[in-house]
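S.K.: Take a look at the following structure, please.
The values are calculated or read from the model by the stated rules, or taken from the named source; none is laboratory data. The model shown is predicted, which means the values in this text are computed figures rather than measured ones. For neighbour counting, all protein chains shown are included, and Cβ atoms are generated from backbone atoms with ideal geometry for every residue, glycine included. In case anyone asks, the SASA skips ligands and DNA or RNA and just uses the protein heavy atoms, side chains included. Shrake-Rupley method; radii C 1.70, N 1.55, O 1.52, S 1.80 Å.
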Amino acid sequence: MPASKIVNEQEVIRWFEEGRTYQWMIEEYKRKYNIDTVASMWGNFRRRRGLDPRIVRDTELIPWDIAPEHRWKYPIAMLRLEARVKAGTKLTEDERGRLASWREMLAEENAVVHYDPETEDGFFYVPRQEGDHELIHPPTKSSKRRSTDKEDM
């Protein structure tokens with residue numbers, strides 16, 4: 001097994017606890033130690049040390065199976081931030097500001113997020129209707145996330 005590029009494991013664990021991004025870690029290691037790293041190295045370190053996953057899954061807020069071409073659209077990014085808030089994860093000041101502005105826009109427009117995987121844009125803001133959740137229009141059967149439970153297979 002090759003030698004680890006990690007110079008100080010406690011330092012890296014602290015970075016994870018602080019919520020530092022993989023990109024930040026890559027840049028900091030290059031600056032501080034002149035060592036080139038890649039995101040997968042940091043992900044592997046996190047997994048091997050049993051640190052919490054960086055992604056928060058919330059099937060109530062994001063109940064859809066998102067098509068690859070829609071995964072980085074702004075509405076889903078904001079729903080992911082909201083999921084992180086609900087899970088108790090700290091957001092940066094910038095993330096908090098963007099989420100607050102986005103929620104304010106939804107409230108002013110009395111709108112919710114609708115997802116249609118069959119369209120080019122995927123996500124739309126639609127007028128709130130009876131039966132809508134706080135931030136989303138419930139999915140239709142065709143856009144609902146597929147279950148990964150073994151008994152559903």
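S.K.: In this structure, is residue 33 of a type in the set (Phe, Trp, Tyr) and under 29 Å from residue 77 (Cα atoms)? Even if it seems obvious, please write down each step before you answer.
M.R.: Working: of a type in the set (Phe, Trp, Tyr): yes; under 29 Å from residue 77 (Cα atoms): no.
In short, no.
S.K.: Kindly indicate the residue of region 48-66 that is of a type outside the set (D, E, K, R) and open to solvent by 80 Å² or more (accessible area, probe 1.4 Å) and also nearest to residue 134 (Cα to Cα) among those meeting that condition. Don't jump to the end; show me each part of the working.
M.R.: We begin by selecting, within region 48-66, every residue of a type outside the set (D, E, K, R); these are 50-51, 53, 55-56, 59, 61-64, 66.
Imposing the further condition that a residue be open to solvent by 80 Å² or more (accessible area, probe 1.4 Å) reduces the set to 53, 55, 59.
On the way: 53: 26, 55: 21, 59: 14 Å.
Looking at residues that are of a type outside the set (D, E, K, R) and open to solvent by 80 Å² or more (accessible area, probe 1.4 Å), I get 59.
S.K.: Could you list all residues from region 9-49 that are assigned to a helix (DSSP H, G or I) and of a type in the set (Lys, Arg)?
M.R.: Filtering region 9-49 down to residues assigned to a helix (DSSP H, G or I) leaves 9-18, 22-33, 39-48.
Scanning region 9-49 gives 14, 30, 31, 32, 46, 47, 48.
S.K.: Tell me which residues, restricted to region 75-120, are among the small types (Gly, Ala, Ser), open to solvent by 20 Å² or more (accessible area, probe 1.4 Å), assigned to a helix (DSSP H, G or I) and modelled with pLDDT under 95.
M.R.: Passing the criteria: only 77.
S.K.: Checking the structure you have, find out if any residue of region 25-45 is more than 30 Å from residue 112 (Cα to Cα), surrounded by fewer than 16 Cβ atoms within 10 Å (Cβ to Cβ), of a type in the set (Ser, Thr, Tyr) and at pLDDT 90 or above.
M.R.: Yes, region 25-45 contains at least one residue that is more than 30 Å from residue 112 (Cα to Cα), surrounded by fewer than 16 Cβ atoms within 10 Å (Cβ to Cβ), of a type in the set (Ser, Thr, Tyr) and at pLDDT 90 or above.
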